[in-house]
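The values are calculated or read from the model by the stated rules, or taken from the named source; none is laboratory data. Remember, it's a predicted structure, so these values are computed and weren't measured experimentally. Don't worry about glycine lacking a Cβ; one is built from the backbone with ideal geometry, like all the others, and counts go over all protein chains shown.
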Amino acid sequence: MAKTFHLSVARVAETLFEGEALSLTAPGEEGVLTVLAGHEALVTPLKAGTIRVVSAAGETTEIEVPRGILEVSDNQATVLL
């Protein structure tokens, strides 16, 4: 079984994704980055682009983002838009 991490993607008054994920690919200001289970802790700004989430069930969700911030720690990731 593949390892997962908890992911929350939200903006003011709206949750766009909440649950277990296999991967998150996001447009960081320094380039595209992918988060997997067990990723090192980080906080980084995101630029406009598309976030791609692969859920624990293997379903892919794409979310357009204007800008945001990504925080990863303790096998959890949070994207605030």
Members of the stretch 1-13 found to be within 13 Å of I69 (Cα to Cα) and of a type in the set (K, R), listed by number = R11
request  = Note down all Cβ pairs under 6 Å where the first residue falls in the stretch 1-13 and is closer than 14 Å to L80 by Cα, the second is of a type in the set (S, T, Y), and they're at least six residues apart or on different chains.
outcome  = S8/T78
request  = State which residue is farthest from the chain's Cα centre (by Cα) when the search covers only the stretch 1-14 and only residues that are over 15 Å from A56 (Cβ atoms) and exposed (fewer than 12 other Cβ atoms within 10 Å of the Cβ).
outcome  = A13
task = Of all residues in the stretch 29-45, count the ones that are of a type in the set (S, T, Y) and touching a Ser or Thr at 6+ places or on another chain (Cβ under 6 Å).
result = 1
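Any residue at all in the stretch 15-27 that is without any contact (Cβ under 8 Å) to a residue 24 or more places away in the chain, more than 12 Å from the chain's Cα centre (by Cα) and surrounded by 12 or more Cβ atoms within 10 Å (Cβ to Cβ)?
Of all residues in the stretch 15-27, those without any contact (Cβ under 8 Å) to a residue 24 or more places away in the chain come to 15, 18.
Narrowing the set further to residues that are more than 12 Å from the chain's Cα centre (by Cα) leaves 15.
Among the residues that remain, those that are also surrounded by 12 or more Cβ atoms within 10 Å (Cβ to Cβ) are: none.
Scanning the stretch 15-27 turns up no residue that is without any contact (Cβ under 8 Å) to a residue 24 or more places away in the chain, more than 12 Å from the chain's Cα centre (by Cα) and surrounded by 12 or more Cβ atoms within 10 Å (Cβ to Cβ).
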inquiry  = So for the stretch 59-70 (the condition being of a type in the set (G, A, S) and out of contact with any Leu (no Cβ under 6 Å at 6 or more places or on another chain)), does at least one residue qualify?
reply    = no
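Provide a single number: the residues in the stretch 14-59 that are part of a loop (DSSP other than H, G, I, E, B), among the aliphatic types (A, V, I, L, M) and farther than 17 Å from I69 by Cβ.
3
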Test for E20: is it charged (D, E, K, R), at pLDDT 95 or above and touching a Phe, Trp or Tyr at 6+ places or on another chain (Cβ under 8 Å) = yes
